[in-house]
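The values are calculated or read from the model by the stated rules, or taken from the named source; none is laboratory data. Because the structure is a prediction, the values reported are computed rather than measured. Ideal geometry is used to build each Cβ from the backbone, glycine not excepted, and the neighbour counts take in all protein chains shown. Quick note on the areas: whole protein, heavy atoms, side chains included, nothing else; ligands and nucleic acids left out. Shrake-Rupley method; radii C 1.70, N 1.55, O 1.52, S 1.80 Å.
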Amino acid sequence: MKRIAILGSTGSIGTQTLDVISKKEDLEVTGLAAGSNITMLEQQIRQFHPKLAAVGDEKKAQELRERVADTDCKILGGMEGLMEMAAMEASDILVTAIVGMIGIRPTIAGIQAGKDIALANKETLVTAGHIIMPMAKKYGVRILPVDSEHSAIFQALNGESSRAVHKLLITASGGPFRGRKREELENIQVEDALKHPNWSMGQKITIDSATLVNKGLEVMEAKWLFDMDLDHIQVVVQPQSVIHSMIEFVDGGIIAQLGTPDMRLPIQYALYGGERRFLDGERLDFAALGSITFENPDMETFRGLPLAMQASRIGGSMPTVFNAANEKAVELFLKRKIRFLDIYTIIEETMNAHSVIKNPGVEEIITLEQETYRKIESRW
């Protein structure tokens, strides 16, 4: 029996993880955590009977305690509660599916407690990869990617030597605005940006897909996950979202992972540590598909990708500034306070104004995130 704790259980990845677990007799939920959605978290507690549950919002945690007083589930609150749940003794794998840099400290707590990490929180490696990867090695835990693109590389590497890898080919759908030019994006509305052509995801990641920031974050994450420099990571637009990513080896051979756009596959693959198990659902029909096409990403129009790569090359604290600036810009766009293209302007201006810290610690990263938020709020 594998015991699973989920950080961010009420979000898109968290709920799909619970769907996978609900259909497996050898997977058990022992811990759940959410930011503030206690209505859904209560439902999950009653269905999966975890030993611990945590809520980032202290007041919401107290309300949840009262709601589930008839159960045996202990309710924790605040960041300390999230960290305690992440490190709980009665779990083997921690799924980090919470959105944002709030996931860094609990992830560290899980690693230090010897938990394998099923990683679905991009910000953890984007901003603190220089801390997380050495720490995982020190404590002997595995970082198991849940993102479909990184899972595809993880799957393609199975049985292969990492020393034989020449290039990572990370695929992108191109988002809802693929093929459009900058002038066509001037008056884009929130509703338009939330219409992803292939994937069903949360609002923030869907906007990131539209700007190609999401692909930039994936490149930054892949650098740490697979110990690969940016010159050997290439983004390829593959609109059908059938090829989830590829590896080119030193002999010129390429291995790709293909499948329908279903996040349950990479989730399940991570939960079982790279072991294949039956998964219900639609199968890829090549005859119906007809063709798979490829394009280069339009980096002049969709500047999220080149800005991300610039931040990664600079390194140090710059990826934190890039990530925080994008988070705040997306928030402002979703609130209809800025235009779609302003997202790029905010990121670029914030990066240009930043004085880089070469090797930031966790506290510096968290502080810098908040400082970046405040600067953007005062300007926009």
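For the range 164-227, trypsin sites (Lys or Arg not before Pro) are listed when DSSP marks them as loop and at most 12 other Cβ atoms sit within 10 Å of their Cβ; the list is Lys181, Lys195. For the range 286-380, the set of GluC sites (Glu not before Pro) satisfying both a DSSP loop assignment and a count of at most 13 other C-beta atoms within 10 Å is given as Glu300. Candidate cross-link partners of Lys51 among the lysines, defined by an alpha-carbon separation under 22 Å and a same-chain spacing of 8 or more, comprise Lys2, Lys23, Lys24, Lys59, Lys60, Lys74, Lys115. What a 1.4 Å probe finds exposed on the chain is 48% carbon and sulfur by accessible area, rounded to a whole percent.
In terms of the Cα gyration tensor, with a ≥ b ≥ c the square roots of its eigenvalues, is the range 37-174 rounded because a/c is under 1.5, prolate because a/b exceeds b/c, or oblate? Cα axes put the range 37-174 in the prolate bin.
Between the range 81-119 and the range 215-245, the C-alpha centres lie 25 angstrom from each other. Sorting the segments 350-359, 105-114 by their residues' average number of neighbouring beta-carbon atoms within 10 angstrom, most packed first, yields 105-114, 350-359.
Which GluC sites (Glu not before Pro) in the range 1-109 pass both tests, a DSSP loop state and at most 14 other beta-carbon atoms within 10 Å? Numbers along the way, then the final one.
Details: sites: Glu25, Glu28, Glu42, Glu58, Glu63, Glu66, Glu80, Glu84, Glu89; in loops: Glu25, Glu89.
The qualifying sites are Glu25, Glu89.
Could you state the accessible area per residue of the range 62-202 in Å², with a 1.4 Å probe and every protein chain left in place?
42 Å²
Cross-link partners of Lys195 among lysines, defined as those whose alpha carbon lies under 27 angstrom from its own and excluding same-chain residues fewer than eight positions apart: Lys122, Lys181, Lys204, Lys215, Lys328, Lys335, Lys337. Hydrodynamic estimate: the Kirkwood radius of the range 281-380 over Cα pairs, inserted into Stokes-Einstein at 37 °C and 0.692 mPa s, corresponds to D of 213 µm²/s.
At a probe radius of 1.4 angstrom, the accessible area of the range 287-380 per residue rounds to 49 square angstrom.
Multiplying the residue separation of Arg277 and Asp192 by 0.36 nm and subtracting their alpha-carbon distance yields 26.9 nm. Any chance you could tell me what percent of the C-alpha pair distances in the chain go past 38 Å? Of all Cα-Cα distances in the chain, 15 percent exceed 38 Å.
Accessible area ranking (1.4 Å probe, heavy atoms, ligands and nucleic acids excluded), largest first, for Val362, Val68: Val362, Val68. Of the residues Leu307, His232, Thr211, the one whose Cα sits farthest toward the positive end of the charge dipole of the range 207-310, with +1 on the Cβ of Lys and Arg and -1 on the Cβ of Asp and Glu, is Thr211. A Gaussian network model of the chain, with springs between Cα atoms under 10 Å, assigns the largest mean-square fluctuation among Thr301, Thr293, Thr206 to Thr293.
Note on Gln47 and Ser355: the model spin-label points, each 7 Å out from Cα along the C-beta direction, lie 5.1 nm apart. What whole number of Å gives the distance from the Cα centroid of the range 358-380 to the Cα centroid of the range 296-332? The distance from the Cα centre of the range 296-332 to that of the range 358-380 comes to 15 Å. Using a simple spin-label model with pseudo-atoms 7 Å out from Cα toward Cβ, Asp70 and Lys181 lie 6.4 nm apart.
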